[in-house]
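Novice: Below you will find the structure I want to go over with you.
The values are calculated or read from the model by the stated rules, or taken from the named source; none is laboratory data. Nothing here was measured: the structure is a model prediction, and the numbers come from that model. Here the Cβ positions follow ideal geometry from the backbone for every residue, glycine too, while neighbour counts run over all protein chains shown.
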Amino acid sequence: MVPDMAKQTPQPPIKQGRLRGLPAAIWAMGLASMFMDTSSELIHSLLPVFMVTGLGASMVTVGVLEGVAEATAAITKIFSGALSDFLRKRKLLMVLGYSLAAFTKPVFPLANSIGWVFGARFVDRVGKGIRGAPRDALVADIAPPESRGAAYGLRQALDSVGAVLGPLLAVLFMAWFANNMRAVMWVAVLPAVITVALLILYVHEPEGTDGAGAVRARLTFADIRRLSLRYWLVVLLGAVFTLARFSEAFLVLRAQDVGLGIGYVPLMMIVMNVFYASCAYPAGAAADRFSPRTLLLAGLALLIAADLLLAAAQGPPVAFAGAALWGLHMALTQGLLSKLVADVSPADLRGTAFGVFNLISGVALLLASVIAGELWESLGASATFVAGGIFAALAACGLLAYRLRPKGT
């Protein structure tokens, strides 16, 4: 089953000092994620409504734009991951990716058409694609193996703190600027600049990494063949999870759909990310001790419950409850999937492994978001979330039924 993918051995209980004992570079990357997510989520918590009400976009357009943007990030990740394995310069690629994202932030408030938004989202997601796999591989390079789950959990937790702060700032500045979304989106520029400065000053490549200072052979398809069956099962698992969880832009649109005022729509993302942030580190630390299969099944159960609540919502309170469960689902699964990829990948191919994983997940997200947009346009918002719940239930059934090794072997 899934625990066998990582060939886990029992880990000692999580000590209070483990969090404090993580390397400083892990904290720096976590804080950088926090500031960039503050910037990004401030914009993204308003962008779907801005596109629909301000630029006249349809739900299908929103789904296609979000799906293409995330697929672009995923396609870029496979090349940046392989390149980071070849060059052994993970920090360089990570900083480049964050810098591209920072460069796009002023474009959103200046946009006067969907084309401008699409262009900015495209470049922003290219930046995400460039930084994602090298950053995840660098976390694995720096963190002690027995603390990888905690390291990924910490980064996810700080990332989610930023995802709370961004929408919270959006609500505050929407009130300050009298619901002027363009003015509010200008605020996102500053935390993006802080992100790049943090990474340049405080993150360094670890000494003694494989192949440091040596000429490395070019990566080939033969290297891909070195990735194990367990790795490809993790990739498949990640894709199925992504099919069950479409773009969070639809959560924002659902908030408006159930009657939340435009200035308070970002509260939906605040609720989701409060639960995500508060549980991401404990969930990551638990992944170092407990069965991944149990945690993944719990995450799917939470996603099914979230979808049902969001489908049934007639007003903000029920929608907020659905967003809270969605955040708990993310906390249980996202850091865990990254840990599984790291655990089952050769150290010298970790960047490539994360790149392929993110590529497949991104294509699944494109498909899921397009389907969600079509369902919303043709059958309504409730059908979109019911379909997500059905995908999640099918994934849970597959996870329950599948065995990597027959019992007793």
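Novice: Filtering the stretch 83-133 down to residues that are aromatic (Phe, Trp, Tyr) and under 19 Å from ALA71 (Cα atoms), which residue is surrounded by the fewest Cβ atoms within 10 Å (Cβ to Cβ)?
Specialist: Initially, the stretch 83-133 is screened for residues aromatic (Phe, Trp, Tyr), giving 86, 98, 103, 108, 116, 118, 122.
Checking which are under 19 Å from ALA71 (Cα atoms) leaves us with 98, 116, 118, 122.
Values: TYR98: 25, TRP116: 14, PHE118: 18, PHE122: 16.
So the residue we want is TRP116.
Novice: Looking at LEU96, is it assigned to a helix (DSSP H, G or I), within 20 Å of the chain's Cα centre (by Cα) and free of Cβ contacts under 8 Å to residues at least 40 places away in the same chain?
Specialist: Details: assigned to a helix (DSSP H, G or I): yes; within 20 Å of the chain's Cα centre (by Cα): yes; free of Cβ contacts under 8 Å to residues at least 40 places away in the same chain: yes.
Taking the combined requirement at face value, the residue satisfies it.
Novice: Still on this structure: With the requirement that a residue be in a loop (DSSP other than H, G, I, E, B) and surrounded by fewer than 21 Cβ atoms within 10 Å (Cβ to Cβ), what does the stretch 168-190 give you?
Specialist: Answer for the stretch 168-190, where residues must be in a loop (DSSP other than H, G, I, E, B) and surrounded by fewer than 21 Cβ atoms within 10 Å (Cβ to Cβ): PHE177, ALA178, ASN179, ASN180.
Novice: Six or more apart or on different chains, Cβ under 8 Å: which pairs go from a residue in the stretch 258-270 that's touching a residue at least 12 places away in the same chain (Cβ under 8 Å) to one that's part of a loop (DSSP other than H, G, I, E, B) and charged (D, E, K, R)? Could you list them?
Specialist: MET269/GLU248
Novice: Continuing with the same structure: Test of understanding: among ARG121, ARG125, which residue is touching a Ser or Thr at 6+ places or on another chain (Cβ under 7 Å) and not aromatic (Phe, Trp, Tyr)?
Specialist: Working: ARG121 fails: touching a Ser or Thr at 6+ places or on another chain (Cβ under 7 Å).
So the residue among ARG121, ARG125 that is touching a Ser or Thr at 6+ places or on another chain (Cβ under 7 Å) and not aromatic (Phe, Trp, Tyr) is ARG125.
Novice: Ok, one more. Any idea which of LEU400, LEU359, LEU349 is closer than 23 Å to THR72 by Cα, more than 19 Å from the chain's Cα centre (by Cα), modelled with pLDDT under 80 and part of a helix (DSSP H, G or I)?
Specialist: Unique residue meeting the criteria: LEU349.
Novice: Let me ask something additional. Out of LEU154, LEU158, which single residue is under 17 Å from SER40 (Cα atoms) and either out of contact with any strand residue (DSSP E or B) (no Cβ under 8 Å at 6 or more places or on another chain) or not small (Gly, Ala, Ser) (or both)?
Specialist: Working: LEU154 fails: under 17 Å from SER40 (Cα atoms).
From the options LEU154, LEU158, the qualifying one is LEU158.
Novice: Looking only at residues in the stretch 169-184 that are without any contact (Cβ under 8 Å) to a residue 12 or more places away in the chain and among the aromatic types (Phe, Trp, Tyr), which one is nearest to PHE108 (Cα to Cα)?
Specialist: Applying the first criterion (without any contact (Cβ under 8 Å) to a residue 12 or more places away in the chain) to the stretch 169-184 yields 172, 176-178, 180.
Next, only the ones that are among the aromatic types (Phe, Trp, Tyr) stay: 176-177.
On the way: TRP176: 19, PHE177: 17 Å.
Only one residue tops the list, namely PHE177.
Residues are listed down the side, and each one gets a yes or a no for (1) modelled with pLDDT of 85 or more; (2) surrounded by 17 or more Cβ atoms within 10 Å (Cβ to Cβ):
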residue	(1), (2)
THR220	no, no
LEU227	no, yes
LEU237	no, yes
ALA244	no, yes
LEU253	yes, yes
ILE262	no, no
MET268	yes, yes
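Novice: Name the residues in the stretch 288-333 that are assigned to a helix (DSSP H, G or I), of a type outside the set (A, V, I, L, M, F, W, C) and buried (at least 22 other Cβ atoms within 10 Å of the Cβ), would you?
Specialist: Let us first name the residues in the stretch 288-333 that are assigned to a helix (DSSP H, G or I), namely 292-312, 316-333.
Still in the running and of a type outside the set (A, V, I, L, M, F, W, C): 292-294, 299, 307, 316-317, 322, 327, 329, 333.
PRO292, GLY299, ASP307, GLY322, GLY327, HIS329, THR333 - these are the residues of the stretch 288-333 that are assigned to a helix (DSSP H, G or I), of a type outside the set (A, V, I, L, M, F, W, C) and buried (at least 22 other Cβ atoms within 10 Å of the Cβ).
Novice: Which members of the stretch 347-369 meet the condition of being under 19 Å from GLU70 (Cβ atoms) and surrounded by fewer than 19 Cβ atoms within 10 Å (Cβ to Cβ)?
Specialist: Correct list: ILE360, VAL363, LEU367.
Novice: Could I ask something else about it? Any idea how many residues of the stretch 150-201 are closer than 30 Å to ASP343 by Cβ, at pLDDT 90 or above and within 20 Å of the chain's Cα centre (by Cα)?
Specialist: Count: 2.
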